[in-house]
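The values are calculated or read from the model by the stated rules, or taken from the named source; none is laboratory data. Everything numeric here is computed off the predicted structure, so don't read it as measured data. Cβ coordinates were reconstructed from backbone atoms using ideal geometry, including for glycine residues, and neighbour counts include every protein chain displayed. The accessibility values were calculated without ligands, DNA or RNA, using every heavy atom of the protein model including side chains. Shrake-Rupley method; radii C 1.70, N 1.55, O 1.52, S 1.80 Å.
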Amino acid sequence: MFHLVQYRPLRLITQNTLSSMCLKLMFSRPVAFAQIWKSWFSSHSLIGNKNIILMGPPGAGKTTVGRIVGQKLDCPVIDVDDDVLETTWNMSVSEKLQDVGNEQFLEEEGKALLKISASGSVISLTGSNPMHAAGMQHVKKNGIVVYLDVPTAVIMHRLKLMKVDRIVGQDSGMSLKDILQFRKQFYKRWHDIRVLCGGEITAEAIAEKVLDAVKRYQNSKLETFISTRSIRSGNCKQKDSAKYFSDVVTEGLAPDGGLFVPESGFPKLTAGEWQSLIEATYVERAEVILEKCIHPADIPASTLGEIIGTAYGENFTCSKIAPVRHLTGNQFLLELFHGPTASFKDFALQMMPHIFAYCVPRSCNYLVLVATSGDTGSAVLDGFSRLHDTDKQRIAVMSFFPEDGVSQIQKSQMIGCQKENAWSVGVKSDFDFCQTAIKQIFTNSDYTGFLTVEYGTALAAANSINWARLLPQIVYHASAYLDLVHQGIIAFGNPVDVCIPTGNFGNILAALYAKMMGIPIRKCICASNENNVLTDFIRTGIYDLRGRRLIPTLSPAVDILKSSNLERYLHLIADSDGQLVTQLYNQLENQGHFQLQKDLLEKLQQDLVAGWCSEEDCLAAIHSVYSTTGYILDTHTAVAKVVADRLQDRTCPIIISSTAHYSKFAPAILRALRIAEIKQNPLSQLHLLSSYSPLPPVHWGLLETLKKNENEDHQICAADMGMLMSHIEALIQNHFMKVF
């Protein structure tokens, strides 16, 4: 057994000895006993018999932080280097390494770790301990593993000051930076909690962050969700009705017709924490941000990391995932089209299916329903078709799109993305009908109950009404800002504006959430096409659908009049007043309009400005940008470019969200570039565009999809609720009944 240390050596004492000592102290020195009991109770109530296990690279400060945490909790501390390895080996760690070499050292180190038996202690691991699987499994059984995540550049600077130029596992020819990067995979595999540690933070501050993180880990019941239409009396909260992340992913839409939002708002990262991510990859940034937003009781950090790695892997054509490109002047493009289906929807829908599959119970089948104005359809079909085979047997997806309201290439792509668990249905109506119909189906308890009883199948949503769809979008807005800092365009803390083509309000809402988390976004510019209901609303506070008809445009993804995610934003600025939100949306449903009171409009206009773009101006912008830069904007990005030109004040950089690849809208692009010969065949259109050697190149994934699926067909449905429900029931019978 290894001795435990705080700032002074302590003897190991048995529980009986401790009880005896406490009894003597209680009668002889009651005040001292009360203080010791209070201290013990404080640490015991936080970690109980669990250990806090500090893990991280050499130079992360594990030993120092461990001692401070142990002192604060008044509990024993084990430093593996000093108290385990050197005690076992009767020699220094460096001598042992020199004696046995890298591979044998890791094995000997792991064997020593297997002998640790402790509870209610703080254990500071070595930097190489996580590379031994059996040893880590042993200590993790009775511990909470806290990863002290320090930027590699900071670690290298610290090691240089310590005159360390080689560490365990570093073979000849491998740089120190390479081995530090290599080790990250092991830290990510084992951690329960991540604590970001920038270069300027003190050990005392890190210790406080460790304790806060452990408290959060131990209190999963605090991170609940409520409906935007939730009405409660006073501060009463029914514990049995609490909703957690896993619940809202599964349910999608709240039972009262509202949308789920986190009850306690968003976590906020400090400036130092954000700065520690400047050198990080997109995947690393996503891991940090999403771990802050998803409690490990819902998805363990290591599992979440695997999901993120799968989502943003080889299926993206650019290694930077969401690169930021300078366009002109102070305008920058955030390219969100490098995913498999060439639109920003891939960022959520390559991840959301795996989150969904993890969260939903395995005792039931699930049919995911989606309404799409174009890009969501192919993205959701592709995402769910990438699930593991066992998950595809119990989870299927059905996408409804306006049959005559998407581009020919978008339609061909959706048809081409159909797989054994993924289908497309064209509806003879517009997007608003599709979206409203799905909402009504979800709130039809008789119908959903029938599907559950008759077929053992529950319905779920994958539109941005589902919280798991919205959450991943926060990452790319934060990442874009950090990229500008990394490129030296701005210093951290300097503001930027963002301009986003907006229909359903999800993408721009994600930018507002990134702002809440600490990204210095000044204004969010909402860019509409001729369906400019949001522009009018942001300018006047009046949301008015009376007399409005949807206008089909060249930017179909924002051909939307009923903007679902606006409800979440109104709930936010109304200080979670569910009663007010309910009144507004009841009025919209029954009377076709509502108006914000003056104070709420003022709040809204502190965050948002808005403009809209005509079809002619959209085409002119595509032509102008191509003529001056050689770069081709898609129609939605062109809408944002036009609005940005009109509304930006040029006092700070502006990031324009490029939400789709121009390949998806080839006829409009060919028209904008004034190319006379426009063939009807989508594949021919893309080949014609490709012949112009455009920047960026034609999207390879889109080309491949169209090549493989030129002759496939899809179902078409009338704009009738009964017909939609019949299609759903038929799909359930054909898929789930065959499987079982």
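The alpha-carbon atoms of segment 253-325 define a convex hull whose volume equals 159 cubic angstrom per residue.
Over 28 Å between Cα atoms: which of LYS320/LYS562; LYS243/LYS411; LYS160/LYS209; LYS140/LYS163; LYS221/LYS515 fall into that group?
Values: LYS320/LYS562 34 Å; LYS243/LYS411 37 Å; LYS160/LYS209 26 Å; LYS140/LYS163 32 Å; LYS221/LYS515 26 Å.
Checking Cα-Cα distances, LYS320/LYS562; LYS243/LYS411; LYS140/LYS163 exceed 28 Å.
What is the ratio of the Cα radius of gyration of segment 190-341 to 2.2 N^0.38 Å, where N is its residue count, to two decimals?
On the way: Rg = 18.6 Å, N = 152, 2.2 N^0.38 = 14.8 Å.
Relative to the rule-of-thumb radius for its length, segment 190-341 sits at 1.25.
Straight-distance candidates among the aspartates and glutamates for linking to LYS428, with alpha-carbon spacing under 14 Å and chain neighbours fewer than 8 residues away dropped: GLU403, ASP404, ASP720. Reported value for segment 581-633: 143 Å³ per residue, from the convex hull of its C-alpha atoms.
Could you give the angle, 0 to 90 degrees to the nearest 10, between helix 282-293's Cα long axis and the longest principal axis of the Cα atoms of the chain? The answer is roughly 80 degrees.
Mind checking the full-extension length gain between ASP389 and VAL283? Use 0.36 nm per residue of separation minus the Cα-Cα distance, one decimal, nm. The partial results should precede the final answer.
Numbers: separation 106, 0.36 × 106 = 38.16 nm, distance 2.49 nm.
Length difference between fully extended and current span is 35.7 nm.
Over all other residues within a Cβ to Cβ distance under 10 Å of PHE344, the charged ones net out to -2, with Lys and Arg as +1 and Asp and Glu as -1. Give me Rg over Rh for segment 634-740, both radii from the alpha carbons and Rh done the Kirkwood way, two decimal places. Expressed as Rg/Rh, it is 1.14.
Computed on segment 457-513, with alpha-carbon pairs under 8 angstrom and 6+ residues apart, the relative contact order is 41 percent. Relative to the current alpha-carbon distance between ALA153 and ASP256, full extension at 0.36 nm per residue lengthens the span by 32.1 nm. Across the chain, the mean sequence separation of Cα contacts (distance under 8 Å, 6 or more residues apart), normalised by length, yields a relative contact order of 12 percent.
Using a cut-off of 10 Å between beta-carbons, work out the net charge of the residues near VAL288 (Lys and Arg +1, Asp and Glu -1, VAL288 not included).
Overall, the nearby charge balance is -2.
Rolling a 1.4 Å probe over the protein heavy atoms of segment 506-575, with every protein chain left in place, gives an accessible area that is 53 percent carbon and sulfur. Can you tell me the 0 to 90 degree angle between the C-alpha axis of helix 598-607 and the longest principal axis of the chain, rounded to 10? With rounding to tens, the tilt is 70 degrees. I want to make sure I understand the PRE zone here: with the label point 7 angstrom from the Cα of SER264 toward its beta carbon, which residues in segment 289-332 have backbone N atoms less than 18 Å away? Counting backbone N atoms under 18 Å from the label point, the list is 289-301.
For the chain, the per residue solvent-accessible surface stands at 41 Å², with DNA, RNA and ligands left out and a 1.4 Å probe.
Quick check on the chain: helices-only [θ] at 222 nm, where DSSP H runs of length 4 and up contribute -39,500 (n - 2.57) each and the sum goes over total residues. Nearest 500, please.
Value at 222 nm, helices only, nearest 500: -14500 deg cm²/dmol.
Over segment 534-580, the pair-distance histogram of Cα-Cα distances with 5 Å bins from zero comes to 5, 17, 22, 26, 17, 8, 5, 1 percent, rounded to whole numbers. Beta bridges from DSSP with both residues in the chain: antiparallel share about 25 percent, rounded to the nearest 5. Take the Cα of GLU204, step 7 Å toward its Cβ, do the same at SER445, and the gap between the two points is 5.6 nm.
If R₀ is 22 angstrom, what is the calculated FRET efficiency for the pair MET174 and SER92, using the beta carbon separation as r and rounding to 0.05? Computed FRET efficiency for MET174 and SER92 comes out at 0.40.
What area, in nm² and to one decimal, does the C-alpha convex hull of segment 392-440 cast on average over all directions?
Values: hull surface 14.9 nm².
With every direction weighted equally, the projected area is 3.7 nm².
By the rule of a C-alpha distance below 19 Å, with chain neighbours fewer than 8 residues away ignored, the aspartates and glutamates paired with LYS115 are ASP79, ASP81, ASP82, ASP83, GLU86, GLU107.
Between LYS598 and ALA491, the FRET efficiency from the beta-carbon distance, with R0 = 30 Å, is close to 0.25. In segment 116-174, inverting the average of 1/r over every pair of distinct C-alpha atoms gives 13.8 Å as the Kirkwood radius.
Would you kindly work out the equivalent ellipsoid of segment 559-608 from its C-alpha gyration tensor and give its semi-axes, the square roots of five times the eigenvalues, largest first in whole Å? Each step should come with its number before you reach the end.
Details: eigenvalues 59, 36, 22 Å².
Calculated on Cα positions only, the semi-axes equal 17, 13, 11 Å.
Seen against the Cα atoms of the chain and their longest principal axis, helix 375-385 is set at about 50 degrees.
How large is the Kirkwood hydrodynamic radius of the chain, in angstrom, based on all distinct alpha carbon pairs? Kindly include the intermediate steps, with their values, before the conclusion.
Working: mean 1/r = 0.0357 Å⁻¹.
Across the chain, the inverse of the average 1/r is 28.0 Å.
Leaving out ligands, DNA and RNA, and with a 1.4 Å probe, what % of the accessible surface on segment 113-242 is carbon or sulfur? Here carbon and sulfur together make up 52 percent of the probe-accessible area.
The equivalent ellipsoid of segment 601-665 has semi-axes of 24, 13, 11 Å, largest first, where each one is the square root of 5 times an eigenvalue of the Cα gyration tensor.
Within 14 Å, Cβ to Cβ, of ASN590, how many net charges do the neighbouring residues add up to if Lys/Arg are +1 and Asp/Glu are -1?
On the way: positive: ARG546, LYS562; negative: ASP544, GLU589.
Neighbourhood net charge equals 0.
Please give the per residue volume of the convex hull enclosing the alpha carbon atoms of segment 55-112, rounded to a whole number of Å³. Please list the in-between numbers first.
Working: hull volume 5.3 nm³, N = 58.
Residue-normalised Cα hull volume stands at 91 Å³.
Given segment 365-470 reduced to its alpha-carbon atoms as identical point scatterers, what log10 I(q)/I(0) does the Debye formula return at q = 0.24 Å⁻¹? After summing over all Cα pairs, the log10 values are -1.35.
Kirkwood analysis of the Cα pair distances in segment 499-614 returns a hydrodynamic radius of 14.4 Å.
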